[in-house]
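K.L.:
Here you go, one structure.
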Amino acid sequence: MGCGRVGSTLAHILEDKGHTVAIIDQSPEAFRRLRSGFKGRRITGFGFDRDVIVEAGIENADAFVAVSSGDNSNIISARVARETFGVDNVVARIYDPRRAEVYQRLGIPTVATVRWTADQILRRLLPEGAEPLWRDPTGAVLLAELDSGHLWVGEKVGALEEHAGCRVAFLSRMGEALVPERGTVIQDGDIVHIIAPAGEVERINAAVAARNEEGA
């Protein structure tokens, strides 16, 4: 639902991957964003209207994505898809990060556009410390980007894990993701990503910072 820039892009990508796509938008003008060769169905109406989503094929859908410009429309249509029609794979875009967290905990996967954009910018401006990249629906587990510090260059991943009491999920090296072993040596420029309980991130960050101070 939603044939804006995100919706039309998703429709094209999914179609290119061999999926059958139907796209809903309340404005017929929005379908102009679709390429001339788009083979999917174009449905004019509201995504939370039962008749509209039935016409779009919701009863046989494997997934439903709500990316209109309205938070209320997105979450209502996502809930209708999940709760009324039993679609398991549902995602809703939500602009208000506070509401996004609430719906995430209710089991509706959300993408908080404003929060995500702000986090990406802050991650570039303030690389020091552990900034959450992902959290599970309950908020109990986080994936965080950790500044390993110059002292970790040349040392093994296992040494960092033991010192900070954390689990390294993967390394970003030269723009590519690498799943390390305990014996993997951290190289200059590596970005370390850890997985940890939400309440442990500050402690882990403090442990890394203390190690940096010890060797500075």
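K.L.:
When residue 46 is evaluated against the numbered criteria (1) modelled with pLDDT under 95; (2) more than 22 Å from the chain's Cα centre (by Cα); (3) more than 16 Å from residue 92 (Cβ to Cβ), which criterion, by number, is the only one it fails?
P.N.:
(3)
K.L.:
Follow-up question, since we're still on this one. So, in segment 62-89, how many residues would count as being surrounded by 15 or more Cβ atoms within 10 Å (Cβ to Cβ) and either outside the structural domain of residue 25 (by TED's automatic domain parsing) or closer than 20 Å to residue 26 by Cα (or both)?
P.N.:
Final tally of qualifying residues: 16.
K.L.:
Another question, then. Go through (1) without any contact (Cβ under 8 Å) to a residue 40 or more places away in the chain; (2) in a helix (DSSP H, G or I); (3) within 21 Å of residue 113 (Cβ to Cβ) one by one and return the number of the condition residue 73 breaks.
P.N.:
(1)
K.L.:
In segment 4-28, which residues are out of contact with any Lys or Arg (no Cβ under 6 Å at 6 or more places or on another chain), closer than 21 Å to residue 111 by Cα and not in a strand (DSSP E or B)?
P.N.:
Within segment 4-28, 4, 5, 6, 7, 9, 10, 11, 12, 13, 14, 21 meet the criteria.
K.L.:
Return the residue satisfying two criteria in turn: it lies in segment 14-43 and is among the acidic types (Asp, Glu) and surrounded by 16 or more Cβ atoms within 10 Å (Cβ to Cβ), and of such residues it is nearest to residue 89 (Cα to Cα).
P.N.:
Here the answer is 15.
K.L.:
Contact list please: Cβ distance under 7 Å, first residue in segment 196-210 and in the same structural domain as residue 141 (by TED's automatic domain parsing), second residue part of a helix (DSSP H, G or I) and surrounded by fewer than 18 Cβ atoms within 10 Å (Cβ to Cβ), pairs at least six apart or on different chains.
P.N.:
If the second residue must be part of a helix (DSSP H, G or I) and surrounded by fewer than 18 Cβ atoms within 10 Å (Cβ to Cβ), the pairs left are 207/163.
K.L.:
Given the conditions (1) part of a helix (DSSP H, G or I); (2) touching a Lys or Arg at 6+ places or on another chain (Cβ under 9 Å); (3) at pLDDT below 95, which single one is not true for residue 31?
P.N.:
Here residue 31 clears every test but (3).
K.L.:
Can you tell me how many residues within segment 153-188 are assigned to a strand (DSSP E or B) and in contact with a strand residue (DSSP E or B) (Cβ under 9 Å, 6 or more places away or on another chain)?
P.N.:
Residues in segment 153-188 being assigned to a strand (DSSP E or B) and in contact with a strand residue (DSSP E or B) (Cβ under 9 Å, 6 or more places away or on another chain): 11 in total.
K.L.:
Does residue 11 meet the test of being modelled with pLDDT of 95 or more, surrounded by 12 or more Cβ atoms within 10 Å (Cβ to Cβ) and more than 17 Å from residue 70 (Cα to Cα)?
P.N.:
Spelling it out, it is not the case that residue 11 is modelled with pLDDT of 95 or more, surrounded by 12 or more Cβ atoms within 10 Å (Cβ to Cβ) and more than 17 Å from residue 70 (Cα to Cα).
The values are calculated or read from the model by the stated rules, or taken from the named source; none is laboratory data. It should be emphasised that the depicted structure is a prediction, and the values quoted were computed from it without experimental measurement. Note that each Cβ is placed from the backbone with ideal geometry, even for glycine, and that neighbours are counted across all protein chains shown.
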